[in-house]
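Below is one structure; the comments refer to it alone.
The values are calculated or read from the model by the stated rules, or taken from the named source; none is laboratory data. Values in this document were obtained by computation on a predicted structure and should not be read as measured data. Cβ: placed from backbone, ideal geometry, glycine included. Neighbour counts: every protein chain shown. For accessibility, only protein heavy atoms count, side chains too; no ligands or nucleic acids. Shrake-Rupley method; radii C 1.70, N 1.55, O 1.52, S 1.80 Å.
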Amino acid sequence: MIELVKKVPLFSQLNEAQLNAVAEICTSRSYNGSTVLFSEKEIGSIFYIVYSGSVKIYTTSSTGEEKILSICSSGESFGELSLIDGKPRSASAQTLVESVLITLTAQNFLDLLRNHFDITLGIMKELGSRLRDTNQHVYDLTFLDARTRVIKSLITLANKHGMRHGNIITIKLVLNFDEISQLAGVQKMTLMQVIRDLEEIRILTITPTDFKLDLAKLR
């Protein structure tokens, strides 16, 4: 466990003794893709850190329609909000691919925050980043047209999950078109039209295993 904990950015400021103490209260587990880790409105009891793989955080409407809020990848954490405020989960979490997650119980998580300011500050920064992302998303939905929102969402995915080689960014993230349309806040029909347009001018190339963005042509 100590080798896993050492590689987590949230714990990067801890010394060897502190890392060992954290490792003693953490557990790790492998999950298959499409595993629901927790559901919206459940009482929170676990804090999660993604060691490998990816996890989608999403909400579900009364009609069953999903809205993806974010995608967590290696080194990112989630599930802390309900542990801090004591309220039910505000969203659901599900693995997108086979993933290894590091977990802490609610009590161990809160004890960690009390004892290590650097970790508390890291959590605060993460929550602040999510709030900024939410504010930006509200702005986008209010002021940007659908085509621009789709392109911006693809660029965001590329920046966060892509591998760059020259002007080409390859994204192997396992998201279907329904999920990408949720991220962009557009109807699937609109998404598909924008994708067809981008493919036609070779800004975007889609294969069964990934999609590629040509930054030179995007400019």
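Dividing the mean sequence gap of close Cα pairs (under 8 Å, 6+ apart) by how many residues the range 1-159 holds gives a relative contact order of 26 percent. Lysine pair count for the range 1-109 (Cα-Cα distance under 29 Å; residues 8 or more apart in sequence or on different chains): 8.
Over the chain, DSSP H runs of length four or greater, each weighted -39,500 (n - 2.57), average out per residue to a 222 nm ellipticity of -13500 deg cm²/dmol. All C-alpha pair distances within the range 161-217, sorted into 5 Å bins from zero, spread as 4, 19, 25, 29, 18, 4, 0 percent across the bins.
Helix 188-200: angle to the longest alpha-carbon principal axis of the chain, degrees 0 to 90, nearest 10? Taking Cα atoms only, the helix is inclined about 70 degrees.
Seen against the Cα atoms of the chain and their longest principal axis, helix 16-25 is set at about 80 degrees. Overall, the anisotropy analysis places the range 95-190 in the prolate class: the square-rooted eigenvalues a ≥ b ≥ c of its C-alpha gyration tensor yield a/c not less than 1.5, with a/b exceeding b/c. The Rg/Rh ratio for the chain, using Cα coordinates for both the radius of gyration and the Kirkwood hydrodynamic radius, is 0.99. Protein heavy-atom accessible surface, 1.4 Å probe, per residue over the chain: 55 Å².
A Förster distance of 30 Å, applied to the separation of the beta-carbon atoms of Gln13 and Thr209, puts the FRET efficiency at 0.20. Farthest toward the positive end of the dipole of the chain, out of Ser12, Thr190, Ser54, is the Cα of Thr190, where the dipole comes from beta carbon charges about the Cα centre.
Evaluated with a Cβ-only charge set (Lys, Arg +1; Asp, Glu -1), the chain carries a dipole of roughly 520 debye about its Cα centre, given to the nearest 20.
Accessible area of the chain with a 1.4 Å probe: how many percent of it is carbon plus sulfur? The partial results should precede the final answer.
On the way: 6430 of 12150 Å².
The C+S portion of the solvent-accessible surface of the chain is 53 percent.
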